[in-house]
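The block underneath contains the structure these notes are about, expressed in structure tokens.
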Amino acid sequence: MRLAAAYRSVFLAPLFVAALAISSWSSAAFGGSSALMLYFGGFGSCMVSGSLSELKAGPQIDAFVEALKAGGYSHVTVLRSCFAIGNERLFSRFDGEWGYESSPEEFLAELPAVAQNAGGDVFIMGQSHGGTMAMRATVALKNYDIKALVTFDPISIANCGAGGVTGGFFAGQPSQGCSEDPADLRPLHPKIASVTDRWINFFQTQYYLLHSAQIDAADENWETSYGDPNDTTINAHSRITADEELWSYLRDELAAH
């Protein structure tokens, strides 16, 4: 299903028409403002026992949206996207079930229409392969008012698939594409930095087989750790996006309007 059409079907269905008209009038009359939040999960980030489920960062996303509203945004549209198993298909939803499936390229092509419909400021976040999507989405929305880009341990989709991690395990050393920031996107760094008000990059090196790195073009780089510093499992990478300390910082720094 096309994302732009999906957006209209969700927000312009008969039951929503009157509410949308009233809320739009209220926003204009009382100075309310709108925001669009995009969150991209990484490989398998919305899978539980082989079925599509809530993102691991679901509660943190909800709390950030509430902080945006408390900070002065009267309308916040949230678009969550994730890769299930594999990186060929991206699953997305505005609300309810994961109803919209597309390739990453199809998603990016339709994203400006979604932003146009949502209106207002834009906040873009992503973890792991979702961090790569967040960076590319920033370029796709270069003509919109992007208040923040947040990357959580971003990993290249092109240079680090599941085979890269397992290959590094058997080789006894990490593959280069799985132990660095997304090198294929480095040529885009100047553009990304120029179109967003603030770029915050979180990364970890605790899990030696899969981690990102400092990105010089970002406004802020924070190296983090997960739980026990001696825990060198994939938890350090996969659970960075649910770290409440990081999200508390984001709410304090970004949510006030």
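Classify the range 47-137 as rounded, prolate or oblate, taking a ≥ b ≥ c as the square roots of the eigenvalues of its Cα gyration tensor: rounded when a/c is under 1.5, otherwise prolate if a/b is larger than b/c and oblate if not. Oblate is the answer for the range 47-137, as a/c is 1.5 or above yet b/c matches or exceeds a/b. Residue separation of Asn117 and Asp216 scaled by 0.36 nm, minus their Cα-Cα distance, works out to 32.3 nm of gained length. Remark on Trp199: its backbone amide H falls under 5 Å from those of Leu149, Asp219, Glu220, a criterion applied only to residues 5 or more positions apart or on other chains, H modelled at 1.01 Å from N. 3J(HN,Hα) along the range 60-70: 5, 4, 4, 5, 5, 4, 5, 5, 4, 5, 5 Hz, from the Karplus curve 6.51 cos²θ - 1.76 cosθ + 1.60 with θ = phi - 60°, whole Hz, x for Gly and Pro. If the segment from Met47 to Ile85 were pulled out straight at 0.36 nm per residue, it would be longer than the present Cα-Cα gap by 12.9 nm. By the Kirkwood approach, averaging reciprocal distances over each pair of separate Cα atoms, the range 208-257 gets a hydrodynamic radius of 12.5 Å.
Each peptide in 238-250, 119-131, 214-226, 196-208 receives the mean, over its residues, of other Cβ atoms within 10 Å, and ordering these scores from highest gives 119-131, 196-208, 238-250, 214-226.
Every number in this text was worked out from the coordinates using simple rules, so none of it is lab data. Here the structure is a predicted model, which is why all the values come from computation and not from measurement. Glycine gets a Cβ as well: all are built from the backbone with ideal geometry, and neighbour counts include every protein chain shown.
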